[in-house]
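Step one of this worksheet: look at the structure below.
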Amino acid sequence: MNTELLGVIAMFAITVVLAIPFGSYIAKVYAGDKTLLDPVFNPLDKLLYKVSGIDEKREMNWKQHMFALLTINVVWFLLGIFVLMNQSWLPLNPDANPDQTADLAFNTSISFIVNCNLQHYSGESGVSYLSQLFLMFLQFVSAGTGMAAAAIVFIALKNRTTEKLGNFWALLVKSCTRILLPLSILVGSILAFNGIPMTFEGKDTIVNMQGDTVQVSTGPVAGFVAIKHLGTNGGGFYGTNSAHPLENPNYFTNMLEMFSQMIIPLAMIFSFGYFLKRKKFGWMVFGVMTAGFLLLVVPTMVWEINGNPALGKMGVDISSGVMEGKEVRFGSATSAFWSIATTVISTGSVNSMHDSTMPLSGMTQLLAMMTNAFYGGCGAGILNFFIFIILAVFISGLMVGRTPELFGKKIEAREMKIAMIVALLHPLMILAGTALAAAFPGITSANLNNPGFHGFSEMLYEYTSSAANNGSGFEGLGDNNPWWNITTGIVLILSRYLPIIGPVAIAGLLAKKKFVPESAGTLPTDSATFGVMVLAVIVIIAALSFFPALTLGPIAEYFSMK
């Protein structure tokens, strides 16, 4: 157990240490400064611009940015629908996997485009290699889309008075070629050398330890796993995701995959400070997010390490912690850490089954997605946190009797309305979806393997995961049917694009305003006091909105065990 804890601490510390210089590199990429990778990828960038007819030097305002973003996402969605519904006769299908139904293809295509990767199918049997490769492409561009949107906010907050905020296509291409692709090649190569398959052959025939002949699915797994984590996507090549021994063979790959899903979200925080030349502000953001992360991960690890007391009363040895649904090669502490890291960051990959964790551990996993503001996904984490910064600046300004302003730009009614709409949209999507599912038991109860409080938690988790662009699930829920495919698909669309459009719109509006020089009366946004204020706003607006729903699910289940 001590070794497990040391492994978790070492992995997190290494990630933070490496995220600082990596954040400086990301800031240089978006600022257009020279980097070491320019000689390698400049020709690739120019080729992409030439083939697509893009003028990467044409400046855009925030509306043009969003039009470009939404347009290309619609194209990717339609391509995804076509591939998934026709994969049976398309090439690269050695295992003869069937076409997806219309409702499942709708859900899958939307899910991968919005960086959620909510999978209502089993990876090795639900899609062909061609579909896996197209979904892998979506994992690159969906992460790149979020990072490009964050970069637009960076540019808007840095410039004093302007409507020109860079070029969306250039930011998207740079996000993919300068950040995601090099890291994916490195991580994918390491994973392949550690035993993860990277092949286009079909199923392999092996004889297992008890003498049975079985068919084992293989495929281009290493490349898929690398970007699924680096892009905070989370989609599993196999149905059991990173609990599968061919997707996560050993403790080293487990640490590497945890590092991979955390490095870019953490680096984006520091790049925010480097880009704006406000390093203290970046550290304030990191401090608030890390405080929230630790408040969730520490108790979860304690609960999982201590084991299930109900089993202990029956005479079962619980010294190894809660091991139901966990892999013995990882253990309870590491699995608990992963469960919060993946829900806080919105990766959604799993190395253990969240459905089998203790009730209060399920609550913290839910809270990680419900707050949706600690680290977050590639780019999207900064955008979500930016909304809470706007709210905190406005409230703090009113408390001290000053006009709220951020970096020399006044926060006025229009910005506040947008921020509140975005902030309230998240609980609306989750609670309305869960309420509808609970209101029609004839449709949904047949899909629940667990009745009562835990069954309610399964439904709540599904909509929470969808709204947070996470993709993990309480897999006691049978979710591959029209109800869940369509309703979660709608939640996925609204919960992805409105929280991107909102922060970019606010940043665009602020960029046009007259710059007001900071004075002695200006509210410092890089102080610990302001950090506490932001954390309080997150708790009050985000976390407390879900308390009634949590009492009906994991909290009620916890007390039912007493």
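The values are calculated or read from the model by the stated rules, or taken from the named source; none is laboratory data. Bear in mind the structure is a predicted one, so any value in this text is a computation, not a measurement. Reconstructed Cβ throughout: ideal geometry from the backbone, glycine too, with neighbour counts over all protein chains shown. Protein only, heavy atoms only, side chains kept; ligands, DNA and RNA dropped before computing areas. Shrake-Rupley method; radii C 1.70, N 1.55, O 1.52, S 1.80 Å.
Restricting segment 45-69 to residues that are open to solvent by less than 60 Å² (accessible area, probe 1.4 Å) and aliphatic (A, V, I, L, M), the residue that is nearest to Glu163 (Cα to Cα) is Met60. Return yes or no: is Glu124 assigned to a helix (DSSP H, G or I) and either of a type outside the set (Gly, Ala, Ser) or open to solvent by less than 10 Å² (accessible area, probe 1.4 Å) (or both)? So Glu124 fits the description; yes.
Filter segment 81-100 for residues that are in a loop (DSSP other than H, G, I, E, B) and without any contact (Cβ under 8 Å) to a residue 24 or more places away in the chain; which is most open to solvent (accessible area, probe 1.4 Å)?
Narrowing segment 81-100 to residues in a loop (DSSP other than H, G, I, E, B): 86-100.
Narrowing the set further to residues that are without any contact (Cβ under 8 Å) to a residue 24 or more places away in the chain leaves 86, 89, 96, 98-99.
Details: Asn86: 37, Trp89: 159, Ala96: 78, Pro98: 81, Asp99: 65 Å².
Looking at residues that are in a loop (DSSP other than H, G, I, E, B) and without any contact (Cβ under 8 Å) to a residue 24 or more places away in the chain, I get Trp89.
The number of residues in segment 430-442 that are closer than 18 Å to Ile493 by Cα and either open to solvent by 30 Å² or more (accessible area, probe 1.4 Å) or outside any helix (DSSP H, G or I) (or both) comes to 3. Scanning segment 1-54 for residues that are in contact (Cβ under 8 Å) with a residue 24 or more places away in the chain, of a type in the set (A, V, I, L, M, F, W, C) and not in a helix (DSSP H, G or I) yields Met1, Leu37, Ile54.
Annotation: of all residues in segment 510-545 being over 22 Å from the mean Cα position of the chain (by Cα) and buried (at least 18 other Cβ atoms within 10 Å of the Cβ), the one that is modelled with the lowest pLDDT is Leu523.
Under the condition of being out of contact with any Gly (no Cβ under 9 Å at 6 or more places or on another chain), touching a residue at least 24 places away in the same chain (Cβ under 8 Å) and not hydrophobic (A, V, I, L, M, F, W, C), the residues counted in segment 387-409 number 4.
Against the test of being under 27 Å from Thr145 (Cβ atoms) and either open to solvent by 30 Å² or more (accessible area, probe 1.4 Å) or part of a helix (DSSP H, G or I) (or both), the options Ser339, Ser319 yield a single qualifying residue, Ser339. Restricting attention to segment 282-289, does a residue exist that is part of a helix (DSSP H, G or I), surrounded by fewer than 24 Cβ atoms within 10 Å (Cβ to Cβ), at pLDDT below 95 and in contact with a Phe, Trp or Tyr (Cβ under 6 Å, 6 or more places away or on another chain)? Taking every residue of segment 282-289 in turn, at least one turns out to be part of a helix (DSSP H, G or I), surrounded by fewer than 24 Cβ atoms within 10 Å (Cβ to Cβ), at pLDDT below 95 and in contact with a Phe, Trp or Tyr (Cβ under 6 Å, 6 or more places away or on another chain).
The residues listed here are Ile501, Ile540; of these, the one that is of a type in the set (A, V, I, L, M, F, W, C), closer than 21 Å to Leu428 by Cα and out of contact with any helix residue (DSSP H, G or I) (no Cβ under 7 Å at 6 or more places or on another chain) is Ile540.
Within segment 322-336, the set of residues being open to solvent by less than 30 Å² (accessible area, probe 1.4 Å) and at negative phi comprises Val322, Lys326, Phe330, Ser332, Ala333, Thr334, Ser335, Ala336. Restricting Val114, Val173 to residues that are surrounded by fewer than 24 Cβ atoms within 10 Å (Cβ to Cβ) and of a type outside the set (Phe, Trp, Tyr) narrows the list to Val173. Are any residues in segment 445-485 assigned to a loop (DSSP other than H, G, I, E, B) and under 20 Å from Ser242 (Cβ atoms), and if so, which ones? Ala468, Asn469, Asn470, Gly471, Ser472, Gly473, Phe474, Glu475, Gly476, Asp479 - these are the residues of segment 445-485 that are assigned to a loop (DSSP other than H, G, I, E, B) and under 20 Å from Ser242 (Cβ atoms).
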